[in-house]
Amino acid sequence: MPDMTTVAWDLSDLYSGIDDPRIEETLDKSLARAKQFAEMYRGKINSDDLTAETLFASLKEYENLAEEMSKPANYAALVFSADTSKPEHGALLQHVQERQTEIALVLMFYDLELMAAKPEIIDRLVREEILAPYRHFIHAARLFRENRLSEPEERILEEKANTGGRAFERLFEEMVSAIEFKIVIDGEEQTLTEPEILALLRDPSREVRKSAAESLTKGLADNSRLITFVFNTLVYDKSIDDRLRRYQYPEEARNKSNELDAQTVETVIKTCVENYPLVARYYETKRDILGYDKLTHYDRYAPLFEAKRPYTFDEAREVVLASFGRFSEQMRDVADEFFKNNWIDAEPRKGKRGGAFCSYVTTDLHPYILQTYLNRQDDIMTMGHELGHGIHAYLSRPQGYLNYSSALPVAELASTFGEMLVFESIVEKADLEDKLALYAEKIESNFATIFRQAAMYRFEQELHRARREQGELTADDISDIWQRNIQAMFLDSVEMGEGHQYWWMYVNHFIASPFYVYAYSFGELLVMALYSMYRQEGKSFVPKYLELLKAGGSCSPEDLLKRVGIDIKNPEFWQGGMKVMDQLIEEFEGLYKEWKAAKG
Ligand SMILES: [Zn+2]
């Protein structure tokens with residue numbers, strides 16, 4: 001095994017260490033500034049006398065203050081992620097969070113006044129040129145104005161939610177994480193948690209996968225009465241909320257926060273549904289590779305080939321920089337900054353938090369990236385993913401702190417695009433078996449993000465409507481909606497067999513954030529569609545893409561894409577993304593034929 005990397009963060013651009021007195025100074029100063037701000041602007045924003053100049057000056061100060069006060073929090077979060085095992089790191093994080101809350105409470109009036117201000121005044125003011133940079137921020141801050149109830153009503157709903165909706169969410173989480181999934185492996189009975197049992201669905205042994213599936217089903221079915229009750233309660237609770245807040249249909253609140261209209265969302269999901277045959281086609285080949293007569297639900301994630309070639313950190317850096325450089329010199333140069341300046345923390349370390357992320361930090365500094373680099377091929381993909389985020393954050397800094405982070409539906413744009421670039425590069429260099437492994441992983445992960453989330457969205461749509469029209473649903477009612485909608489994605493290539501009908505019961509998104517799932521389909525298919533444009537247009541696509549990144553969160557997804565000539569209401573644009581998927585599958589099929597022929 002090649003040596004592990006020792007690349008670690010240099011956080012000195014923020015603070016020199018956890019005992020740097022400037023941390024406390026920043027917090028003290030921010031609190032004083034917040035108090036001054038409140039004194040100056042309270043009662044002046046939601047006022048008939050508000051002028052564009054006053055609003056601008058307040059926004060500028062608010063932005064600056066929010067950015068400064070975020071530095072201790074950013075620093076504490078990064079230090080904690082780098083080593084969660086040190087109690088002093090946890091203590092710093094806690095301390096900073098408490099002090100931040102203190103400041104946030106002083107500033108809270110501002111958001112409220114901005115939302116409450118009269119439309120006739122705000123609409124007139126935002127047309128003035130001076131407010132142009134903050135137009136989208138003001139719009140977003142006032143988005144839910146019409147759905148807000150009166151102050152006392154809001155207060156009652158908020159307080160009662162702790163013993164209502166939120167209590168049921170917590171009950172669900174605590175209960176599902178407490179389920180003991182029993183399974184016999186190698187003649188020995190074991191008790192596993194939900195994530196452990198889900199991981200076994202990827203085991204190379206069909207027997208193990210089957211046992212894991214049965215164990216998951218049994219654990220859920222045993223709790224079906226309670227879980228069904230929680231689902232019914234929360235879906236009903238949402239319908240009450242929607243009625244009180246004057247939403248016309250179940251998805252409306254989610255669409256509004258994503259700044260997408262119903263028609264666009266439906267176009268994306270319809271494109272996914274119409275392309276379900278792509279899923280079936282891939283699984284036909286997968287069945288052939290696995291050598292089974294029929295595939296069932298626990299074969300979906302069966303591993304096909306395992307990518308073996310290890311990559312050292314230095315090799316990975318070269319591959320990523322070269323693949324970015326082939327697309328755009330500027331992208332390569334920005335990515336290089338992360339390596340040169342230690343904005344990336346990659347070494348495996350005890351106490352370091354798992355997973356990977358990019359922290360935007362602030363616009364006067366720069367983003368930081370964390371991953372644990374273990375020399376595997378998917379670690380390079382992760383590097384490409386997080387550097388994609390990093391470049392996005394870096395390039396959008398001129399938009400200012402309130403405008404630079406992206407809205408949810410486009411938040412994974414640069415990361416997924418970066419992954420695609422890296423994928424194409426490593427595929428070129430891989431041998432046949434590694435290539436097959438890379439393709440299978442890429443295709444299955446795209447399926448999970450694009451088609452599976454679309455199928456889950458269809459399930460949610462039907463669930464919420466059924467509850468509104470028919471009243472309380474039984475476990476069998478919900479299971480039927482689930483089984484039909486997930487089966488649809490596979491046509492008849494994979495049979496969602498006995499037991500799978502209960503698997504809606506552990507999906508936290510359905511409980512905690514209704515209709516959240518479609519943002520995944522939207523984001524991933526968007527990148528595939530952009531990639532298809534890149535393939536068609538070549539170099540002339542590059543400046544358009546960089547412009548998308550530079551715009552950050554300064555406008556809605558629709559306006560953002562309009563800037564580069566894309567109409568997200570046009571089904572053809574989305575179908576372009578499917579072309580890329582189609583091509584990936586075709587290439588995979590070709591490689592498999594080649595591999596079979598070589599094997600004789
Ligand atoms: Zn990401």
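Given H placed on each backbone N at 1.01 Å, which residues far from LEU14 in sequence or on other chains put an amide H within less than 5 Å of it?
Answer set, sorted by chain and number: none.
Ranking THR362, THR51 by Cβ neighbours within 10 Å, fewest first, what do you get?
Numbers: THR362 18, THR51 14.
The order, fewest Cβ neighbours first, is THR51, THR362.
Among the listed pairs LYS352/LYS539; LYS294/LYS599; LYS182/LYS350, which have their C-alpha atoms separated by more than 32 angstrom in this model?
On the way: LYS352/LYS539 40 Å; LYS294/LYS599 23 Å; LYS182/LYS350 30 Å.
Exceeds cut-off: LYS352/LYS539.
Using θ = phi - 60° and the Karplus curve 6.51 cos²θ - 1.76 cosθ + 1.60, what whole-Hz ³J(HN,Hα) does each residue of the stretch 64-80 get, with Gly and Pro shown as x?
Here the 3J(HN,Hα) series is 5, 5, 4, 5, 4, 5, 7, 5, x, 5, 4, 4, 4, 5, 5, 4, 5 Hz.
Using alpha-carbon positions, what is the distance between the centroids of the stretch 486-527 and the stretch 253-275, in Å?
15
Considering just Cα atoms, how many Å³ per residue does the convex hull of the stretch 403-544 enclose?
165
Cα-based Rg (one decimal) and Dmax (whole number) for the stretch 242-353, in Å?
22.8, 57
How far, in degrees from 0 to 90, does helix 313-327 lean away from the longest principal axis of the Cα atoms of the chain, to the nearest 10?
70
Where in the stretch 175-199 is the amide nitrogen less than 20 Å from a point lying 7 Å along the Cα-to-Cβ axis of ARG225?
What the label zone holds, given the 20 Å backbone N cut-off, is 175-181.
Could you give the C-alpha radius of gyration of the chain expressed as a fraction of 2.2 N^0.38 Å, taking N as the number of residues it contains?
Working: Rg = 25.5 Å, N = 600, 2.2 N^0.38 = 25.0 Å.
So the chain has a normalised radius of gyration of 1.02.
Can you tell me what percent of all Cα-Cα pairs in the stretch 313-407 are more than 16 Å apart?
Values: 2382 of 4465 pairs.
That tail contains 53 percent of the Cα-Cα pairs.
As a test of the formula, what do you get for the chain when each DSSP H run with n ≥ 4 contributes -39,500 (n - 2.57) and the sum is divided by the residue count, at 222 nm and rounded to the nearest 500 deg cm²/dmol? If you can, show how the numbers build up before the last one.
Numbers: 24 runs with 390 residues, N = 600.
Helix contribution divided over all residues of the chain: -21500 deg cm²/dmol.
Mind checking the angle between helix 276-290 and the chain's longest principal axis? C-alpha axes, 0 to 90 degrees, to the nearest 10.
Helix 276-290 sits at roughly 40 degrees to that axis.
Considering the zone a paramagnetic label at ALA598 would reach in this model (a point 7 Å from Cα along the Cα-to-Cβ line), which residues of the stretch 424-459 have amide N under 13 Å from it?
Answer for the stretch 424-459: 428-438.
Give the angle, between 0 and 90 degrees and rounded to the nearest 10, that separates the Cα long axis of helix 475-490 from the longest principal axis of the Cα atoms of the chain.
Rounded to the nearest ten degrees, it is 70.
Just round it to a whole percent: the fraction of Cα-Cα distances in the stretch 103-177 exceeding 15 Å. Can you show the working numbers first?
Working: 1918 of 2775 pairs.
For the stretch 103-177, the fraction of Cα-Cα distances above 15 Å is 69 percent.
Among LYS160/LYS218; LYS118/LYS569; LYS44/LYS238; LYS270/LYS579, which pairs are too far apart, with a Cα-Cα distance over 25 Å? Display every interim value, and only then the final one.
Numbers: LYS160/LYS218 34 Å; LYS118/LYS569 31 Å; LYS44/LYS238 35 Å; LYS270/LYS579 15 Å.
The answer is LYS160/LYS218; LYS118/LYS569; LYS44/LYS238.
Each reported figure results from applying straightforward, stated rules to the coordinates on display, with no laboratory input. The structure displayed is predicted, hence computed values, not measured ones. Note that each Cβ is placed from the backbone with ideal geometry, even for glycine, and that neighbours are counted across all protein chains shown.
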